[in-house]
1. Please state which of the following conditions THR128 fails to meet, knowing it meets all the rest: (1) more than 30 Å from PRO74 (Cβ to Cβ); (2) out of contact with any strand residue (DSSP E or B) (no Cβ under 6 Å at 6 or more places or on another chain); (3) among the β-branched types (Val, Ile, Thr); (4) modelled with pLDDT of 85 or more.
2. I'd like to verify a number: residues in the stretch 116-143 that are β-branched (Val, Ile, Thr) and not in a helix (DSSP H, G or I), how many?
3. Hey, could you check the stretch 59-98 for residues that are charged (D, E, K, R) and in a helix (DSSP H, G or I) and say which is modelled with the lowest pLDDT?
4. What is the residue count in the stretch 99-115 for residues that are under 30 Å from ARG145 (Cβ atoms), hydrophobic (A, V, I, L, M, F, W, C) and either part of a helix (DSSP H, G or I) or not assigned by TED's automatic domain parsing to the domain that holds LEU139 (or both)?
5. May I ask you to say which residue of GLU151, GLU116 is more than 18 Å from LEU100 (Cβ to Cβ) and without any contact (Cβ under 8 Å) to a residue 40 or more places away in the chain?
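The values are calculated or read from the model by the stated rules, or taken from the named source; none is laboratory data. From a predicted model like this one, the values you see are computed outputs, not experimental measurements. Every residue, glycine among them, receives a Cβ derived from its backbone with ideal geometry; neighbour counts consider all protein chains shown.
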Amino acid sequence: MFVPDPYLINLVTRSCCLRTTIVKVLLDEFSSDSTIKIGSFFFTFRDSHQQSVDDMLSAIIAHIFPSEDSELSPGLLELCRDKLYYGLSTEFLLSVLTLLLRDTRKTFIVIDALDEISVSGRRLLIETICKMSTMGLQLILTSRREAYLQEGFESLPLEVITIDSAVVDEDIRIFLKDIIPADPRFSKWPESLRDTIQETLVTGAQGM
């Protein structure tokens, strides 16, 4: 798998399902290469332990834990092995991440759903991503289009890939066109009513 070194990509789409699917494909692809270290994290409104920058950094550190034959200091290895970094400051976590990256050939970090971070954590998230962008890693982000993210990342050499909601809507329409006629619960309904249901679902989804 050819990957430029380093790079930053932000995938922007309103479709949560599409973002999650793309992230899964990427992680599966990266994990097939034993020379690559992979760190990932996804923000979510549903879990209070997945809404802060410190949660993100702690999870990434846990994912790229060094091997026992690492040349890193015994103290740092113990810190990572026993996860003693939980609850420590953001700056300390960034320092640990920086040291771990020196021990790896190539590291991919995938961070999903940036827009679902807590409102109070937005500024720190942007500052942290900007610092991570200088660490020489491969950084892939996903988010909805949010003004604070666009403004916060405008100084980064970030390649933004936008998937238009109309493309997602068309995928939803194709899916429903196959599913609705095949469902016996809808088979007795007039075709015009089935078409109305399909269009209502697609319009209501708005690329989600």
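1. (1)
2. Residues that pass the stated criteria total 4.
3. Result: ARG81.
4. 2
5. Within the list GLU151, GLU116, the selection yields GLU151.
So that you can scan it fast, the table gives a plain yes or no per residue for (1) part of a loop (DSSP other than H, G, I, E, B); (2) modelled with pLDDT under 75; (3) not small (Gly, Ala, Ser):
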| site | (1), (2), (3) |
| --- | --- |
| LEU11 | no, yes, yes |
| THR20 | no, yes, yes |
| VAL25 | no, no, yes |
| ASP33 | yes, no, yes |
| PHE41 | no, no, yes |
| THR44 | yes, no, yes |
